[in-house]
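Each remark here refers to the structure printed beneath this line.
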Amino acid sequence: EAKSSGRDGFKIYDQTRPEKSVNKLTLLEEMRTGIENGEFFLEYQPQYNLVSGRIVGAEALVRWQHPVLGRLMPGEFIALAEESGLIVPLGRWVLHEACRQNRQWQDDGLTPITMGVNVSVRQFRDSGLISDVTAALKDTGLEAGYLELEVTESLLIQNADQAVRLMDDFRRIGLKLAIDDFGTGYSSLAALKSFPLTRLKIDRSFIRDLDFDESDRSIARAIISLGRELGLNVVAEGVESAKQQAFLASCRCETVQGFHFGRPMNATRFGKLLAMTLTPLDSHFGRMERRA
Ligand code: C2E
Ligand code: MG
Ligand code: MG
Ligand code: MG
């Protein structure tokens, strides 16, 4: 994981490369210019309905094509972006680009899907979020119902009063609202009661060991039925195997996302995948339907 390495050094870490240390202020300055120079881009990870086998959504995930360091993942720069406030302009760009791309797919005649965009606490505190969102929708012509903001439990709890008001405003516009990494925060149940949510995303730490951890199975099952009782859509994140898929199907989990179904990919590849989803012959699901 990314670690801060003292006052002036900022260590970034990538599983595929040796650890290297980069000056934090330099990286910050490079991020500032990188936003202006279009060095950031989005990948999209598909979300599938577990019964129909069709793509119903995408999560937009930001990456940075750094001119020297190569491709950087969010774990390597989002914390710095948040700390410095650069997450506000970066997040504004992410919102706009995700809406633009989603609208483009609709204009291409593809099945309309919901686009999930991650929003961090700093953006949430910034009073401009609502105007950034409405501007992104207006500029791109995307209908609000096809945009979903993903927030974390800790964000909601830390800013409870403001968050309730802001989320009420978002719901009034017609946006969807998801709790990301659900179950890892400290006040899950209170949050469910206070906030106008549409979706829970079960954190992947509960999915990872489903095959052998009986308590993770119980937790996943409980979150899925809780969501159902509350009329919320539930997404299992980080599904990596057919066995996990089968368990989630047995709990009637509605939506899944994970490497087993598709890794984050560029817009062109995602568009092709979306075009194919019109024929529900995806092999993962074919297997399941035969067994059922
Ligand atoms: P997240 O919102 O929980 O996003 C899911 C992360 O899990 C993504 O990592 C995704 O690639 C990864 N993932 C998906 N399926 C699997 C799987 O089956 N196995 C495993 N091991 N991992 C899986 P990524 O793209 O590195 O993003 C990490 C985090 O960075 C995100 O977690 C989110 O909190 C943050 N992030 C990403 N894009 C943005 C953004 O535009 N704005 C903000 N504020 N945060 C972002
Ligand atoms: Mg997310
Ligand atoms: Mg998550
Ligand atoms: Mg996360």
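Legend: translational diffusion of the chain by Stokes-Einstein, Rh = Kirkwood radius over C-alpha pairs, 20 °C, 1.002 mPa s; D = 107 µm²/s.
What is the extension gain from residue 269 to residue 214, computed as 0.36 nm multiplied by their sequence separation minus the C-alpha to C-alpha distance, in nm to one decimal? Don't skip to the answer; put the middle values down first.
Numbers: separation 55, 0.36 × 55 = 19.80 nm, distance 3.69 nm.
Between residue 269 and residue 214, full extension yields an extra 16.1 nm.
FRET efficiency for residue 243 and residue 139, Cβ-Cβ distance as r, R0 = 45 Å, nearest 0.05? Could you put the intermediate results ahead of the total?
Values: r = 44 Å, r/R0 = 0.97.
Calculated transfer efficiency: 0.55.
Taking the helices alone, the chain has a mean residue ellipticity at 222 nm of -14000 deg cm²/dmol, built from -39,500 (n - 2.57) per DSSP H run of at least 4 residues and averaged over all its residues.
Please work out the ratio of the alpha-carbon Rg of segment 115-205 to 2.2 N^0.38 Å and round it to two decimals. Before the final figure, lay out the partial values.
On the way: Rg = 12.5 Å, N = 91, 2.2 N^0.38 = 12.2 Å.
For segment 115-205, the normalised Cα radius of gyration is 1.02.
Each principal axis of the Cα cloud of segment 36-168 was taken in turn, and the coordinate range along them, longest first, works out to 43, 40, 30 Å. Exceeding 29 Å between C-alpha atoms, which entries from my cross-link table qualify? They are 243/272; 201/272; 193/243; 176/272; 24/176. Violating the 29 Å Cα-Cα cut-off are 193/243; 24/176.
Once the Cα atoms are used to define both axes, helix 129-140 deviates from the longest principal axis of the chain by about 70 degrees.
Helix 160-173 and the longest principal axis of the C-alpha atoms of the chain enclose an angle of approximately 70°. Relative contact order of the chain: 17 percent, from C-alpha pairs under 8 Å at least 6 residues apart in sequence.
Of the DSSP beta bridges with both residues in the chain, give the percent that are antiparallel, rounding to the nearest 5. Antiparallel bridges: around 50 percent, rounded to the nearest 5.
Against the main long axis of the alpha-carbon atoms of the chain, helix 214-229 sits at an angle near 80°.
Any idea what the dipole of segment 186-247 comes to, in debye rounded to 20, about its Cα centre with Lys/Arg Cβ at +1 and Asp/Glu Cβ at -1? It would help to have the intermediate numbers written out before the result.
Working: 9 positive and 9 negative charges, 62 e Å.
Here the size comes out at about 300 debye.
In segment 192-244 the Cα-Cα distances spread across 5 Å bins starting at 0 as 4, 21, 28, 24, 14, 7, 2, 0 percent of all pairs.
None of the figures in this text is laboratory data; all of them are computed from the coordinates on show. Since the model is a prediction, treat every value here as computed from it, not as a measurement. We place every Cβ from the backbone using ideal geometry, glycine too, and count neighbours over all the protein chains shown.
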